[in-house]
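The values are calculated or read from the model by the stated rules, or taken from the named source; none is laboratory data. Predicted model only: the values in this text are computed from it and were never measured. Every residue, glycine as well, gets a Cβ built from its backbone with ideal geometry; the counts of neighbours run over all protein chains shown.
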């Protein structure tokens with residue numbers, strides 16, 4: 001296993017398209033739910049323990065070798081918002097494009113042929129992690145961290161929040177990220193025996209509602 005590969009995959013500079021997405025933060029800022037570092041931390045914690053847990057479990061399951069088609073269907077079922085489903089597929093498509101250039105493999109080529117419009121990003125992340133020589137737990141950690149880091153980074157731009165404060169938020173969430181990754185890995189191990197029904201199904205209705213409102217805006221800074 002290469003720790004450098006994990007750092008590369010989780011680096012915000014890896015050209016996977018995440019910089020164009022706010023993880024729901026833009027809608028939350030406009031609605032007044034994120035106004036400072038304290039409210040950003042609350043938003044990120046809620047996101048981490050709901051959609052973040054689901055995404056981490058999907059990524060770990062894919063890294064363990066579960067059927068990507070079954071996982072993608074499960075991801076659809078756990079994402080009521082059409083706008084969020086579309087965003088997840090765009091991110092998955094961009095991640096796969098970057099990964100095929102970085103870690104060329106037949107498995108990634110096969111995944112691209114199976115999902116010409118893109119699979120959900122956590123599913124792609126798990127397959128990419130395995131291709132890069134990472135463990136399922138690494139995939140879970142990467143997905144869990146991404147579920148909060150994107151929103152924190154976006155809020156720096158949306159509110160002109162001090163980046164030191166945003167980094168402090170992520171540091172305070174570190175243990176939560178570890179716990180969510182551990183729970184996600186446990187769920188993924190059950191998926192190998194029980195199927196995709198064993199995946200968690202944490203919901204975040206305000207994220208779904210915010211995503212649909214955000215998609216209708218005529219002017220916005222982020223794609224989602």
On the given criteria, is residue 118 closer than 22 Å to residue 24 by Cα and not in a helix (DSSP H, G or I)?
yes
Neighbours by Cβ (under 6 Å, 6+ apart or cross-chain): first from the stretch 32-55, in contact (Cβ under 8 Å) with a residue 60 or more places away in the chain and at negative phi; second part of a helix (DSSP H, G or I) and surrounded by fewer than 19 Cβ atoms within 10 Å (Cβ to Cβ)
37/165; 48/176
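Would you mind stating whether residue 221 is at pLDDT below 95, more than 19 Å from residue 56 (Cβ to Cβ) and either surrounded by 14 or more Cβ atoms within 10 Å (Cβ to Cβ) or touching a strand residue (DSSP E or B) at 6+ places or on another chain (Cβ under 9 Å) (or both)? Before the answer, list the steps.
Details: at pLDDT below 95: yes; more than 19 Å from residue 56 (Cβ to Cβ): yes; either surrounded by 14 or more Cβ atoms within 10 Å (Cβ to Cβ) or touching a strand residue (DSSP E or B) at 6+ places or on another chain (Cβ under 9 Å) (or both): no.
Spelling it out, it is not the case that residue 221 is at pLDDT below 95, more than 19 Å from residue 56 (Cβ to Cβ) and either surrounded by 14 or more Cβ atoms within 10 Å (Cβ to Cβ) or touching a strand residue (DSSP E or B) at 6+ places or on another chain (Cβ under 9 Å) (or both).
In the stretch 30-42, is there at least one residue being in a helix (DSSP H, G or I), touching a helix residue (DSSP H, G or I) at 6+ places or on another chain (Cβ under 7 Å) and surrounded by 24 or more Cβ atoms within 10 Å (Cβ to Cβ)? Even if it seems obvious, please write down each step before you answer.
Going through the stretch 30-42, the residues in a helix (DSSP H, G or I) turn out to be 30, 37-42.
Then keep just the ones that are touching a helix residue (DSSP H, G or I) at 6+ places or on another chain (Cβ under 7 Å); that gives 37, 40-41.
Checking the rest, the ones that are also surrounded by 24 or more Cβ atoms within 10 Å (Cβ to Cβ) come to 40.
For the stretch 30-42, residues in a helix (DSSP H, G or I), touching a helix residue (DSSP H, G or I) at 6+ places or on another chain (Cβ under 7 Å) and surrounded by 24 or more Cβ atoms within 10 Å (Cβ to Cβ): present.
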Name the residues in the stretch 1-29 that are touching a residue at least 12 places away in the same chain (Cβ under 8 Å), closer than 24 Å to residue 89 by Cβ and part of a loop (DSSP other than H, G, I, E, B), would you?
12, 14, 15, 16, 17, 21, 22, 23, 24
Restrict the check to the stretch 80-93 and report whether at least one residue is under 19 Å from residue 136 (Cα atoms), touching a helix residue (DSSP H, G or I) at 6+ places or on another chain (Cβ under 7 Å), touching a residue at least 12 places away in the same chain (Cβ under 8 Å) and crowded, with 17+ Cβ neighbours inside 10 Å.
yes
What number of residues within the stretch 154-176 satisfy the criterion of being surrounded by fewer than 21 Cβ atoms within 10 Å (Cβ to Cβ) and in a helix (DSSP H, G or I)?
15
Could you check the stretch 171-191 and list, in sequence order, the residues that are more than 30 Å from residue 69 (Cα to Cα) and in contact (Cβ under 8 Å) with a residue 40 or more places away in the chain?
172, 173
Based on this model, can you work out whether residue 124 counts as in contact with a helix residue (DSSP H, G or I) (Cβ under 9 Å, 6 or more places away or on another chain), within 20 Å of residue 73 (Cα to Cα) and either buried (at least 24 other Cβ atoms within 10 Å of the Cβ) or modelled with pLDDT of 95 or more (or both)?
yes
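Inside the stretch 11-29, can you point out the residues that are at negative phi and buried (at least 17 other Cβ atoms within 10 Å of the Cβ)? Reasoning before the result, please.
Just the residues of the stretch 11-29 that are at negative phi, to begin with: 11-16, 18-22, 25-29.
The answer is 16, 18, 21, 22, 25, 26, 27, 28, 29.
Determine, yes or no, whether residue 109 is assigned to a helix (DSSP H, G or I), touching a helix residue (DSSP H, G or I) at 6+ places or on another chain (Cβ under 8 Å) and surrounded by fewer than 16 Cβ atoms within 10 Å (Cβ to Cβ).
For residue 109, the condition - assigned to a helix (DSSP H, G or I), touching a helix residue (DSSP H, G or I) at 6+ places or on another chain (Cβ under 8 Å) and surrounded by fewer than 16 Cβ atoms within 10 Å (Cβ to Cβ) - is met.
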